[in-house]
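So the structure is just underneath, and the comments pick up after that.
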Amino acid sequence: MRFQQSKPKEVARAVEEALRLGYRHIDAAATYDNEEEVGAGIKASGVPRSEIFLTSKLWNTHHKAEDVEEAVDESLRDLQTDYLDLYLIHWPVAFQKPETPRARAAVDTNDGGVHVIEVPVEETWRAMERMVEKGKIRTIGLSNFTQERIEEVLSFAKTKPAVLQIEAHPYFQQPALLDWCKKNDILVTAYSPSGNNVYGFPKTIDDPTVTRIAKDLGKTPAQVLIQWGVQRGTVVLPKSVTPSRIAENFVDFEIPEKAMQEIYALDRNTRYNFPARLGVNVFGEKTEEELKKGRADWIAAQKSGKSYFALVRRTKLPHAICNRSSYAMSTPAEVGAVLGPFAAFIQNYNMGKIAKIEYFRVPPRWLFVKITDDAGVVGWGEASLEGHTQAVEGCLDAWINQYTGMEADDIEHIWQKTWRMGFYRGGPVFMSALAGIDIALWDIKARKLNVPIYQLLGGKVRSTLKVYAWIGGDRPADIEQQALGRRAQGFTAVKMNGTEDVGWLDSPSTLDSCVERVKAVKALGLDAGVDFHGRVHRPMAKQLAAALAEHKPMFIEEPLLSEHIEGIKSLSALTTIPIALGERLHSRWDVKPFLEASCIDILQPDIAHVGGISELRRIAAMAEAYDVAIAPHCPLGPIALAACIQVDATLANFAIQEMSLGIHYNTGGHDLLSYSKNPEIWDVKDGFIKLMEGPGLGVDIDEDKVRELSTGAEAWVSPGFVGPGGEWREW
């Protein structure tokens, strides 16, 4: 058991409980500032000291030879014992020893950062070997050391390091280091087995694969992660002060090999525990520039007035960074103000660069985009543009080299680069390609922070969302049975095409069937939207709107093509039916004249055609200022729909969301649910779906299925209508 970052007075009870349950390995450290409580818990448990394996660690302020014994004696006193079974060098970094007792670092007066000094590791190790000779320590080891640093110790050590303690969990497995340690008879102990961290990054304990395996085995995710670490040959150090969890973690079972391999496949090579503020390349993974920036940014945060060092000054410790016990001298708000800038910095500092951009053409007519950052975190986007797949693919091909290597965290910077640096901009192809990238980057960012995207947009204003589905097709007929089917699925609203192909001036009788279909659907207790689809021209659109008015459809969609703003403005003055459009508007600049003309009531931007989440959010804010509702257009795939939902959840002016479940374009057995591992998120009840709570987009994409069905996938071709004279008509 490990008790880092535990609250005062919790630790003694937790240690006592753990030992009584059967735990025998207690992992302590001076810098945890709770060794007195650990000692009290050991004493209260009644378990003989000889049955307990007790570990502590040498903190960075005591690396000099003359300071090592002082640190050991302090831990022995606090732990109420006369020997330690194992003593580790906590970090391969030395600090100047502060004047204040038990302070954990001194301030470097040159720049205001932590005062790091050079102490040869041989000097420290020799002093620890003398502690072994004196009987104060049974054996010694290392923590947070790389293979190269361990090899240096082996080159001079009389007493070989027995143990290496490292961060290890499915997202950061360190297989090469583990194998090397096994070959050199160094036992590896693993901290943070659940991927817990203070920075808000995704935790392995929340990973869908881990939770599924746990459910299959009848265990908790924590139990699975602990056992996975044991089966791979490490000593696992879980952390908990909750009695029920302490007991829960003390369970032995076997994870099947297939499940073990699934967990191995989760490795992202993502390190959570890196002290960037020191400016020291502890693990050899940072450039000199990154280290300087890390230290400088941290120091700048301290000088902001809400800093760690400001707290030091208030507590009258001018030469030391406060240890945890100092926090009791300030209010929770002050402590939060201290930690906030540092935590925010660490989050930004650890975001990865774009390593790879891929796209997948998949049936029935969708284009998915996958972005992977250099930490292995994956985000999915959708760039579907019905009937123009190859054009969007060409645009993505042109951008891939430009964006690879950029910071995945800088979503707005990438969006603005795309918009402003190409001279030509906008339009369906350009904005659909941008949407695929934008959505994927939002997915990555939210997954890294282990929150839904809507939390990064200001949080949700609703927990359920009203949805509608399609009935009929391009030549609508037999809609009554389809409407009954939708009602059985849980929908209370549907949309259908108003007409088949219609001439510029056609017989008024061609409109009669539309009116009858609306009446039939309304008779079943369903609301109905009627999509004119831009195929009805002005002479006929006026008549159809007038004929439908008494039957009160939810809206009429694209009563005229969006290039005819003057006609739409005229029509809006003639009808009381709400007018909706927006799928062929591709940016806020396209939307602006319609809002200024006050000729639409419902705006229907398509997230896959307007540059993604970033632009949809801005368009919605513009619409709210004109009292216009938002009902995003989305006859597309699960990624586009999930992205819509993330934005919808945050909008005051959201009205209703289109879903492509069972739409007439979804043929060949491919539908909204085909590529999702969690299709239950699309369950409809009483006309609503629940807001997803999972990280990122909230939809888990089945990549194997995507890759399988993308092989040889044909691009979807838009259908068309031909009039009686052979002329092309609007589809």
In whole Å, how far is the Cα centre of region 390-434 from that of region 664-695? 28 Å
Please give the helix 288-302 orientation as an angle from the longest Cα principal axis of the chain, in degrees from 0 to 90, rounded to the nearest 10. 90 degrees
For region 119-173, radius of gyration divided by Kirkwood radius, i.e. Rg to Rh on alpha-carbons: 1.03
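Please report, as a whole percent, how much of the solvent-accessible surface of region 418-501 comes from carbon and sulfur atoms (probe radius 1.4 Å). Walk me through the numbers on the way to the answer.
Numbers: 1650 of 3170 Å².
After summing per-atom areas, the C and S share lands at 52 percent.
Can you sort Lys542, Lys43 by 1.4 Å-probe accessible area, starting with the largest? The partial results should precede the final answer.
On the way: Lys542 105, Lys43 150 Å².
Highest to lowest solvent-accessible surface, that is Lys43, Lys542.
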Given 713-726, 236-249, the highest-first ranking by average Cβ count within 10 Å works out to 236-249, 713-726
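Give the relative contact order (percent, whole number) for region 1-66; include only Cα pairs under 8 Å separated by 6+ residues.
Numbers: 77 pairs, mean separation 25.4, N = 66.
Answer for region 1-66 is 38 percent.
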What nm distance separates the two modelled labels at Ser598 and Glu730, each placed 7 Å from Cα along Cα→Cβ? 2.5 nm
Measuring from the lowest to the highest alpha carbon on each principal axis, how far does region 353-455 reach, largest first, in angstroms? 35, 33, 24
Viscosity 1.306 mPa s, temperature 10 °C, Stokes-Einstein D of region 635-698 from Kirkwood C-alpha radius, µm²/s: 126 µm²/s
Send over the semi-axes of region 537-625's equivalent ellipsoid, whole angstrom and largest first, taken as the square roots of 5 times the C-alpha gyration tensor eigenvalues. 24, 12, 11
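Would you please classify the overall shape of region 112-242 from the alpha carbon gyration tensor, given that a ≥ b ≥ c denote the square roots of the eigenvalues, rounded means a/c under 1.5, and beyond that prolate means a/b larger than b/c while oblate covers the rest? Can you show the working numbers first?
Values: a/c = 2.34, a/b = 1.85, b/c = 1.26.
Cα axes put region 112-242 in the prolate bin.
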Angle between the Cα long axis of helix 613-625 and the longest principal axis of the chain, 0 to 90 degrees, nearest 10? 60 degrees
Could you work out the helix-only [θ] at 222 nm for the chain, with each DSSP H run of four or more residues adding -39,500 (n - 2.57) and the total divided by the number of residues, to the nearest 500 deg cm²/dmol? -11500 deg cm²/dmol
Per residue, in Å², the accessible surface of the chain once ligands and nucleic acids are set aside, probe 1.4 Å: 41 Å²
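Return the FRET efficiency for the residue pair Gln416, Asp252: r is the Cβ-Cβ distance, R0 is 51 Å, and the value is rounded to the nearest 0.05. Mind showing how you got there, number by number?
Numbers: r = 55 Å, r/R0 = 1.07.
Efficiency computed from Cβ-Cβ geometry: 0.40.
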Pairwise centroid distance, computed over Cα atoms, of region 354-381 with region 449-468, Å: 22 Å
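For the chain, what is Rg from Cα atoms divided by 2.2 N^0.38 Å, rounded to two decimals?
Numbers: Rg = 31.5 Å, N = 731, 2.2 N^0.38 = 27.0 Å.
Taking the Cα Rg and dividing by 2.2 N^0.38 Å, one obtains 1.17.
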Inter-centroid distance (Cα atoms) of region 134-151 relative to region 490-529, Å: 78 Å
Determine, for each peptide in 171-177, 382-388, the mean count of other beta carbons within 10 angstrom over its residues, then list the peptides with the highest first. 382-388, 171-177
How high is the FRET efficiency between Ala715 and His664 when r is their beta carbon distance and R₀ equals 22 Å, given to the nearest 0.05? 0.75
Quick one: compute a quarter of the convex hull surface over the Cα atoms of region 393-527 and quote it in nm². 13.1 nm²
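Given 25 °C and 0.890 mPa s, compute D for region 582-729 with the Stokes-Einstein relation, Rh being the Kirkwood radius over Cα pairs; round to the nearest whole µm²/s.
For these conditions, the coefficient is 144 µm²/s.
Looking at region 466-581, what % of the alpha carbon pairs are farther apart than 18 Å? Write out the running numbers ahead of the final one.
On the way: 3003 of 6670 pairs.
In whole percent, the share of Cα-Cα pairs in region 466-581 beyond 18 Å is 45.
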Rounded to one decimal in nm, the spacing of the 7 Å Cα→Cβ label points at Glu500 and Ala176 is 6.7 nm
With r defined as the distance between the Cβ atoms of Leu154 and Gln455 and R0 fixed at 60 Å, what FRET efficiency is calculated, to the nearest 0.05? 0.80
Nearest 10 degrees, 0 to 90: helix 512-523 Cα axis against the chain principal axis: 50 degrees
How much length would be gained if the chain were fully extended between Phe423 and Ser507, taking 0.36 nm per residue of separation minus their Cα-Cα distance, in nm to one decimal? 25.6 nm
Checking the table Lys258/Lys445; Lys215/Lys690; Lys97/Lys239; Lys445/Lys705; Lys466/Lys685 against a 19 Å threshold on Cα-Cα, which pairs fail? Lys258/Lys445; Lys215/Lys690; Lys97/Lys239; Lys445/Lys705
Name the lysines eligible as straight-distance cross-link partners of Lys569: C-alpha to C-alpha under 26 Å, and not fewer than 8 places from it in the same chain. Lys495, Lys542, Lys552, Lys592
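The values are calculated or read from the model by the stated rules, or taken from the named source; none is laboratory data. Note that this is a predicted model, so its numbers are computed, not measured. Cβ sites come from the backbone with ideal geometry, for glycine too, and all protein chains shown count toward neighbours. What goes into the accessible areas is simple: the full protein's heavy atoms, side chains included, and nothing from ligands, DNA or RNA. Shrake-Rupley method; radii C 1.70, N 1.55, O 1.52, S 1.80 Å.
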